[in-house]
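Below: one structure in structure tokens.
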Amino acid sequence: MTMQPLSPKQARFVQEYQVDGNGAQAALRAGYGPSGAKVAACRLLTRPNVMEALSIGRSAYAEKLAITRADIVSKLLETFEMAKQMGLPLGMVRAASELARLLGYLAPTKVDVNVSAAGQVDLNHLNRLSDAELLAIIESGRVA
């Protein structure tokens with residue numbers, strides 16, 4: 001599947017977003033209206049063609065600077081050690097946080113919760129019970 005080409009306004013947004021990573025400001029500079037800049041930025045940043053253009057831009061920039069992921073991890077580890085030696089706990093936390101984010105440890109986890117019709121019936125029954133009835137169930141160890 002080929003990506004749709006960027007419109008001139010989208011291309012300008014991509015260019016401006018790469019300046020400072022601020023979506024709302026990039027949308028304003030790209031010509032989107034002030035009242036809808038945040039919404040436009042949010043919408044643009046979810047479009048596959050815009051995300052691909054941003055990814056290509058980041059890769060080209062990193063290649064131009066000859067920076068690798070390993071270089072960044074190394075520098076963050078140095079920063080952590082320096083903060084540790086200087087007794088700067090906030091610097092240590094910040095470096096550790098950036099390392100964790102970069103290495104994917106802070107990625108959100110998806111949890112699926114399925115409630116069956118029977119489970120909903122049980123929940124409705126429990127919601128109708130008084131505090132005294134709930135306490136009696138808890139003390140007896142039986143499930144309603």
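Output the qualifying pairs, or none if there are none: Cβ atoms under 7 angstrom, residues six or more apart or on different chains, first residue in region 123-136 and modelled with pLDDT under 80, second residue outside any helix (DSSP H, G or I).
Cβ pairs passing all conditions: H125/A144; L126/A144.
Residues are listed down the side, and each one gets a yes or a no for (1) surrounded by fewer than 14 Cβ atoms within 10 Å (Cβ to Cβ); (2) of a type in the set (A, V, I, L, M, F, W, C); (3) touching a His at 6+ places or on another chain (Cβ under 6 Å):
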residue: E16; (1), (2), (3): no, no, no
residue: G21; (1), (2), (3): yes, no, no
residue: G33; (1), (2), (3): yes, no, no
residue: A37; (1), (2), (3): no, yes, no
residue: A40; (1), (2), (3): no, yes, no
residue: L44; (1), (2), (3): no, yes, no
residue: R47; (1), (2), (3): no, no, no
residue: A62; (1), (2), (3): no, yes, no
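The values are calculated or read from the model by the stated rules, or taken from the named source; none is laboratory data. Remember, it's a predicted structure, so these values are computed and weren't measured experimentally. Cβ atoms come from the backbone with ideal geometry, glycine included; neighbour counts cover every protein chain shown.
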